[in-house]
Amino acid sequence: MDWITSIREAIKYIEDNITSDLTINDIVNRVLYLSPFYFQKGFAMLCGFTVSEYIRKRRLSLAGSELLNTNFR
């Protein structure tokens, strides 16, 4: 599996489980079977930000969308 396919699979797994507690080990062990260190390095090099930054930004985006679409403050 090449790096781009690996990253794509990891992002799909993250998106499918975005509301769960996600760890690097969960992502690597369930999807990629790579070492967490190499996965994080490859993700950061290809995407320009870390895995945890990606997860945080996606959750903030979902929270913002939910606020816009509801009457909650």
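At 222 nm, what helix-only mean residue ellipticity would the chain give, in deg cm²/dmol to the nearest 500, using -39500 (n - 2.57) for each DSSP H run of four or more?
Values: 4 runs with 49 residues, N = 73.
One gets -21000 deg cm²/dmol as the mean residue ellipticity at 222 nm.
For the chain, the per residue solvent-accessible surface stands at 74 Å², with DNA, RNA and ligands left out and a 1.4 Å probe.
Take the solvent-accessible surface of the protein heavy atoms, probe 1.4 Å, and return the percent of it on the chain that carbon and sulfur atoms account for. The C+S portion of the solvent-accessible surface of the chain is 54 percent.
More than 14 angstrom separation, counting every C-alpha pair in the chain; what % is that? Could you put the intermediate results ahead of the total?
Values: 1605 of 2628 pairs.
That tail contains 61 percent of the Cα-Cα pairs.
The residue list I55, L22, N69 was ranked by how far each Cα lies along the charge dipole of the chain toward its positive end, using unit charges on Cβ atoms, and N69 comes out on top.
The values are calculated or read from the model by the stated rules, or taken from the named source; none is laboratory data. Keep in mind that this is a model prediction, so the values were computed, not measured. Cβ: placed from backbone, ideal geometry, glycine included. Neighbour counts: every protein chain shown. Note: areas computed on protein heavy atoms with side chains; ligands, DNA, RNA excluded. Shrake-Rupley method; radii C 1.70, N 1.55, O 1.52, S 1.80 Å.
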